[in-house]
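Below is one structure, written out as structure tokens; comments come after it.
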Amino acid sequence: QVQLQESGPRLVKPSQTLSLTCSVSGDSINSGDYFWTWIRQHPGKGLEWIGYIYYSGSTYSNPSLTGRVTMSVDTSKNQFSLRLNSVTSADTAVYYCARDNYNDYAMDVWGQGTTVTVSS
Amino acid sequence: EVVLTQSPGTLSLSPGDRATLSCRASQILSHSYLVWYQQKPGQAPRLLMYGAYFRATGTPDRFSGSGSGTDYTLSISRLEPEDSAVYYCQRFGSSPRYTFGQGTKLEIK
């Protein structure tokens, strides 16, 4: 059974950098069969796709966040990470990592999500 | 950017009823690129349907998808209390890769 688990600080100060890691079990990021993705959900709102990383390290992020998003992958640990810099209160959200089955254009496995609050 | 508009915002039905949820795209969309998710309170979204018509693993056959062009529908027959959730449609595109509708809240009372 494939499982994803987000981890990282739950509270980030304005102007600082949000950092999250997603640990994958039951599947290998190295397989190359999927994109590894970040999505967020603002409180009481809908879903926003942040971006993905491939096992090779290639990335693609939402143009609305370009310039603030950095993603990386550690295949030895079967983990991938998100960094979002210069955060404001508008970045307060539940952050999900997910597996993107690019053949079906769908995220077929999701982490449980982690709430990140931006506040001084 | 293709915008997805879901309706109704909230749908209140009874157990055993049939639910019809709409997702309208601002431009013609290939059915291959249309996906539905279910999100229950406090949980992550769960993939329900992909390619507009195909049920994901574990999705009961009470769920069905239809549509083409700009109009897509998720239908749920024989509603059960456990179907109470917010349902999102999602489309694949070039930039950004994915966008979502605003969701339809389904209440089973």
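The values are calculated or read from the model by the stated rules, or taken from the named source; none is laboratory data. A quick note: this is a predicted structure, and the numbers were derived from the prediction, not measured. Here the Cβ positions follow ideal geometry from the backbone for every residue, glycine too, while neighbour counts run over all protein chains shown. Remember, those area values only see protein heavy atoms, side chains included, never the ligands or the DNA or RNA. Shrake-Rupley method; radii C 1.70, N 1.55, O 1.52, S 1.80 Å.
Simple point charges give the picture: +1 on the Cβ of Lys and Arg, -1 on the Cβ of Asp and Glu, and for segment B:47-109 a dipole about the Cα centre of about 160 debye.
Based on alpha carbons, the Rg and Dmax found for chain A are 13.5, 42 Å.
Working from label points 7 Å from Cα in the Cα-to-Cβ sense, the A:Ser89 to B:Ser26 distance is 2.8 nm. On the protein heavy atoms, probe 1.4 angstrom, tell me the percent of accessible surface of the protein assembly as shown carried by carbon and sulfur. Looking at the protein assembly as shown in its full context, I get 46 percent from C and S.
Send over a whole-number figure in Å² for the accessible area per residue of the protein assembly as shown, probe 1.4 Å.
In whole numbers, the protein assembly as shown has 45 Å² accessible per residue.
For chain A, the relative contact order comes to 35 percent (Cα pairs under 8 Å, sequence separation of at least 6). Computed from the C-beta positions of B:Lys105 and A:Asn78, the FRET efficiency with R₀ = 25 Å rounds to 0.10. Measuring r between the beta carbons of B:Ser77 and A:Tyr102 and using R0 = 22 Å, the FRET efficiency lands at 0.10.
What's the buried accessible area, both sides, between B and A using a 1.4 Å probe, rounded to 100 Å²? What B and A bury together is about 1700 Å². Residues of segment A:88-120 whose accessible area (probe 1.4 Å, heavy atoms of protein chains only) drops by at least 30 Å² once all protein chains are present, relative to their chain alone: A:Tyr96, A:Asp104, A:Tyr105, A:Ala106, A:Met107, A:Trp110. In a solvent-free Debye calculation with one equal scatterer on each Cα, what is log10 I(q)/I(0) for the protein assembly as shown at q = 0.11 Å⁻¹, listed in the order of the q values? For the protein assembly as shown, the Cα-only Debye profile gives -0.54. Between A:His42 and B:Tyr53, the FRET efficiency from the beta-carbon distance, with R0 = 22 Å, is close to 0.10.
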